[in-house]
Each structure stands twice: as structure tokens, then as C-alpha cells.
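Here is the structure we will look at.
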Ligand SMILES: Cc1cc2nc3c(=O)[nH]c(=O)nc-3n(C[C@H](O)[C@H](O)[C@H](O)COP(=O)(O)O)c2cc1C
């Protein structure tokens, strides 16, 4: 393990990691290799489980535990048909943190908390933060609109202070962070740490194929599209995304059915399971079946780029930070640099204060 402890925040105390830096759960990207590298570097690495079957998740958890004794987390989809089984797995394996892409229900939070697992749901609006905090979430991850993947419209600079003021639990800031100044700024807003996706995707330790990393390094433009799975999704602008944006309703649906069928073949999931997941996804939301099918699309489209190395065939989720990232550091260098630069930035501001 590397890097001296520089900050002691409610986030480091809650999760037991050395630095207030979290690597978020990114489908197909945040596997055992990246998570172990982050954990060993003193950050909180989080396995992405939405794109794993239950046995794959079990194997990934064991793989991380074999490689590091440091704490780590698992990102769960609260609306997955087998969410309760996944929660049981985390409890059995003694995983330190459960993060959630969408707010989990109270039952899941209770089950995890009873077992001592730290619960950190992602939120994109103040009322969601208030709701999950009232249900007992230990901290919230606030993602502003700059962030990659599913994202909202409100910028981190506006969302973060609102939520810091609204809840008593520690707040982790996400969306647009990539360096030490960002960590210093997040702490100044009252956050307890930062979480980053795009920055960790672009490290030497991430398993994303080199050809795809090169596309990200050269890219400067992201777009928010609903054409991937019906929800606003920030991705790299590409020919494929422009095509999806232009395609009509029916050709979009045909594309969705085709991709869902291909995903079923690769994932080994049954149609019954896909439809059960789709039903769960629709519950409480205004999603049509066409949108649910499009949602089944997403894992396939992300996989084509992130695993198969085909940026031409896949969708590449990305935050706006991609425009200012031009290197592939190791996670150890990245995290050590971020905390050292954040400390320097804070000291420089302090020195500039008129007394
Ligand atoms: C390639 C990629 C895949 C992602 N997949 C997921 C996911 O499966 N679940 C999730 O909760 N968030 C996912 N996200 C969102 C990130 O976890 C994170 O909240 C976001 O990247 C933070 O913004 P940043 O990219 O500006 O750091 C993904 C983001 C990216 C870039």
C-alpha cells in the first residue's frame, strides 16, 4: 500500500479507507483489477455489479478479497430482480460498502445496516437525498450533471451545496472531479470526499482495452442521450450515438430488441429474468415497454466498447471531465497526487487569507 494519510473526514472514518477518494461502480469497467488497485492505493474501490450475474459477482468479490485486505464496496441496482440475493452475498462476504445506482428501499437498507455494511446511495436531487438519509443511509453520493453515465441536469456546483445543507449524513461529491483542486473544492463545499468515474476509467489499472482508452483520451465532447435506455445518459459523442439520436421510434425499437437478444445470449439470462427485471424497472416510473427494452440494450452497448474493444459498435459512457484528462496514471499515483495537490491548494488558500 502506498501514500501517507493526509485527510481525516467523515468518509474516511465511515468506510475505513485512508483517502477521501472513491472510485464509482462503472458497468464492465469496475472489475476486480481496478477495485483492487484503488483499494491498495488507499481509496474506496467499488465493484460494478449491474453487468454481472450473481455467480460472477461472488467470484469478483472473492478475487478482490484474495488480493487486498483493504475495504472496498459493491454497486448494486436496487431494482434488480435478485437484489436481495446480492445483498445477502455482500453480508456473507463482509463487504464494507454497498453503493446504489438508484435509491434502495428501506428494507434493503435495514438488512445491510443490521449486518454492519455501510450504505451509500447515489442521488441526483435534494429530495432523494433527504429520503434515503431519513431511511438510514450512512452517506449519500451526489452526482451533478457533468458526470458520466446516468446523470441529471443540475451541475455539481449547485447540487452539492444544496444537499450538504439538507442532510446530516456525510456527502460524497461526484460529477466532474479529476484532480486535487476538485477534492479541495468539494471539501470546501462541505463534502466528505469525492467520487470519480471517468478519471478512474482512464488509468493504467482499468481493464478497458487500450484502443478504447485512446478514443477517450482524444475525445472532448460528451452528449446526454435518452436513446440508449430511455433515461438521460452522458456518453462520448460518436457516430453510433449520432445515429441513435437520428433514428426513428421503430428503428430504435428494432435495434433495442436485437441488442436485448444478443445480451441474453452473452449473459445467459433467461427472457423470463429479463422481463422480471424490466417489470421491476418500470415499477414507480413512467417507462414504456419500449423503453424497458432499450434499457436491456445498455449493457450490450457498453460491453461492446468496454470489453470487446469496439468503440465503433458500442456506447461509451463518459463524464465531461474527459475533455481535460490526457494521461493514464496508475491508481496509486493518481490518488497520491490528488490528496497531495488538494492539501497544497488548501494551504495556498490559507496562506492568501488576510488576517
Ligand atoms: C463507463 C461508465 C459506466 C458507468 N456505469 C455505471 C453503473 O453501472 N452504475 C452506476 O451507478 N453508475 C455508473 N456510472 C456513473 C459513475 O458511477 C459515476 O457516478 C460518474 O462517472 C461520476 O462522474 P465522473 O465521470 O464525472 O467522475 C458509469 C460511468 C461511466 C463513465
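The values are calculated or read from the model by the stated rules, or taken from the named source; none is laboratory data. The structure displayed is predicted, hence computed values, not measured ones. Counting neighbours? That spans all protein chains shown, and the Cβs are built from the backbone with ideal geometry, glycine included.
With (1) out of contact with any strand residue (DSSP E or B) (no Cβ under 9 Å at 6 or more places or on another chain); (2) within 13 Å of the ligand (Cβ to nearest atom); (3) closer than 29 Å to residue 333 by Cβ as the list, and residue 184 as the residue in question, which single condition is left unmet?
All conditions pass for residue 184, except number (2).
Rundown of residues vs (1) within 16 Å of the ligand (Cβ to nearest atom); (2) more than 14 Å from the chain's Cα centre (by Cα), yes/no style:
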{"position": "73", "(1), (2)": "yes, no"}
{"position": "83", "(1), (2)": "yes, yes"}
{"position": "88", "(1), (2)": "no, yes"}
{"position": "93", "(1), (2)": "no, yes"}
{"position": "100", "(1), (2)": "yes, no"}
{"position": "125", "(1), (2)": "yes, yes"}
{"position": "129", "(1), (2)": "yes, yes"}
{"position": "146", "(1), (2)": "yes, no"}
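Give me a count of the residues in region 310-330 that are within 14 Å of the ligand (Cβ to nearest atom) and either surrounded by 24 or more Cβ atoms within 10 Å (Cβ to Cβ) or closer than 30 Å to residue 274 by Cα (or both). Working first, answer last.
Taking region 310-330 and keeping what is within 14 Å of the ligand (Cβ to nearest atom), we get 311, 314-325.
Now restrict to residues that are either surrounded by 24 or more Cβ atoms within 10 Å (Cβ to Cβ) or closer than 30 Å to residue 274 by Cα (or both): 311, 314-319, 322.
The total comes to 8.
Select from region 148-168 the residues that are more than 10 Å from the ligand (Cβ to nearest atom) and touching a residue at least 60 places away in the same chain (Cβ under 8 Å) and write down the one among them that is farthest from residue 302 (Cα to Cα). Please lay out each step first, then the result.
Filtering region 148-168 for residues more than 10 Å from the ligand (Cβ to nearest atom) gives 152-155, 157-168.
If we keep only those that are touching a residue at least 60 places away in the same chain (Cβ under 8 Å) as well, we get 152-153.
Numbers: 152: 19, 153: 22 Å.
Residue satisfying both the conditions and the ranking: 153.
Determine whether region 114-123 contains at least one residue that is assigned to a helix (DSSP H, G or I) and in contact with a helix residue (DSSP H, G or I) (Cβ under 8 Å, 6 or more places away or on another chain).
Going residue by residue through region 114-123, those that are assigned to a helix (DSSP H, G or I) are 114.
Next cut, in contact with a helix residue (DSSP H, G or I) (Cβ under 8 Å, 6 or more places away or on another chain) only: none.
No: region 114-123 contains no residue that is assigned to a helix (DSSP H, G or I) and in contact with a helix residue (DSSP H, G or I) (Cβ under 8 Å, 6 or more places away or on another chain).
Could you please let me know if residue 78 is closer than 25 Å to residue 132 by Cβ and either modelled with pLDDT under 95 or not assigned by TED's automatic domain parsing to the domain that holds residue 105 (or both)? Explain how you work it out, then say what you get.
Working: closer than 25 Å to residue 132 by Cβ: yes; either modelled with pLDDT under 95 or not assigned by TED's automatic domain parsing to the domain that holds residue 105 (or both): yes.
Yes.
Quick one: how many residues across region 32-56 are buried (at least 24 other Cβ atoms within 10 Å of the Cβ) and within 16 Å of the ligand (Cβ to nearest atom)?
Of all residues in region 32-56, those buried (at least 24 other Cβ atoms within 10 Å of the Cβ) come to 34-35, 37-39, 41-49, 51.
With within 16 Å of the ligand (Cβ to nearest atom) added as a condition, the list becomes 34-35, 38, 43-49, 51.
Residues flagged as buried (at least 24 other Cβ atoms within 10 Å of the Cβ) and within 16 Å of the ligand (Cβ to nearest atom) within region 32-56 amount to 11.
Just checking, how many residues over region 148-165 are at negative phi and not in a loop (DSSP other than H, G, I, E, B)? Step through it out loud before you land on a result.
First, pick out the residues of region 148-165 that are at negative phi: 148, 150-165.
With the extra rule that they be not in a loop (DSSP other than H, G, I, E, B), the set shrinks to 150, 156-165.
Number of matching residues: 11.
What pairs can you find where one residue is in region 331-355 and without any contact (Cβ under 8 Å) to a residue 24 or more places away in the chain, the other is surrounded by fewer than 11 Cβ atoms within 10 Å (Cβ to Cβ) and not in a helix (DSSP H, G or I), and their Cβ atoms are less than 8 Å apart, with a gap of 6+ or different chains?
Cβ pairs passing all conditions: none.
I'm trying to understand the selection: among the residues of region 166-185, which are touching a helix residue (DSSP H, G or I) at 6+ places or on another chain (Cβ under 7 Å) and assigned to a helix (DSSP H, G or I)?
Scanning region 166-185 gives 166, 180, 181, 183, 184.
For region 80-102, which positions are within 20 Å of residue 143 (Cβ to Cβ), buried (at least 22 other Cβ atoms within 10 Å of the Cβ) and touching a helix residue (DSSP H, G or I) at 6+ places or on another chain (Cβ under 9 Å)? Even if it seems obvious, please write down each step before you answer.
Within region 80-102, the first condition is being within 20 Å of residue 143 (Cβ to Cβ), and the residues that meet it are 80, 97-102.
Still in the list and also buried (at least 22 other Cβ atoms within 10 Å of the Cβ): 97-101.
Those that are within 20 Å of residue 143 (Cβ to Cβ), buried (at least 22 other Cβ atoms within 10 Å of the Cβ) and touching a helix residue (DSSP H, G or I) at 6+ places or on another chain (Cβ under 9 Å): 97, 98, 100.
Within region 10-28, how many residues are within 15 Å of the ligand (Cβ to nearest atom) and surrounded by fewer than 24 Cβ atoms within 10 Å (Cβ to Cβ)?
Filtering region 10-28 down to residues within 15 Å of the ligand (Cβ to nearest atom) leaves 20-28.
Filter again for surrounded by fewer than 24 Cβ atoms within 10 Å (Cβ to Cβ), leaving 27-28.
Adding up the residues that qualify gives 2.
Being modelled with pLDDT of 70 or more and surrounded by fewer than 16 Cβ atoms within 10 Å (Cβ to Cβ) is the requirement here; does residue 220 meet it? Break it down into steps so the answer makes sense when it comes.
On the way: modelled with pLDDT of 70 or more: yes; surrounded by fewer than 16 Cβ atoms within 10 Å (Cβ to Cβ): yes.
Yes.
Find the residue count for region 64-115, including only residues that are touching a residue at least 24 places away in the same chain (Cβ under 8 Å) and over 14 Å from residue 38 (Cβ atoms). Steps first, answer last, please.
Restricting attention to region 64-115, the residues satisfying the condition of being touching a residue at least 24 places away in the same chain (Cβ under 8 Å) are 64-65, 67-68, 70-87, 89-91, 93, 95-106, 108-113, 115.
Filter again for over 14 Å from residue 38 (Cβ atoms), leaving 65, 76-87, 89-91, 93, 95, 98, 100-106, 108-113, 115.
Residues in region 64-115 being touching a residue at least 24 places away in the same chain (Cβ under 8 Å) and over 14 Å from residue 38 (Cβ atoms): 33 in total.
Specify the residue that is surrounded by the most Cβ atoms within 10 Å (Cβ to Cβ); the eligible residues are those in region 187-211 that are more than 10 Å from the ligand (Cβ to nearest atom) and in a helix (DSSP H, G or I).
As a first pass, look at region 187-211 and keep what is more than 10 Å from the ligand (Cβ to nearest atom): 187-193, 203-205, 207, 209-211.
So of that shortlist, the ones also in a helix (DSSP H, G or I) come out as 187-189, 210-211.
Values: 187: 19, 188: 12, 189: 17, 210: 9, 211: 11.
It comes out as 187.
I need a count of the residues in region 44-71 that are under 14 Å from the mean Cα position of the chain (by Cα) and closer than 18 Å to residue 205 by Cβ. Before you say what the answer is, go through the steps one by one.
Just the residues of region 44-71 that are under 14 Å from the mean Cα position of the chain (by Cα), to begin with: 44-51.
Of the ones still in play, those that are also closer than 18 Å to residue 205 by Cβ are 44-48.
Selection size over region 44-71: 5.
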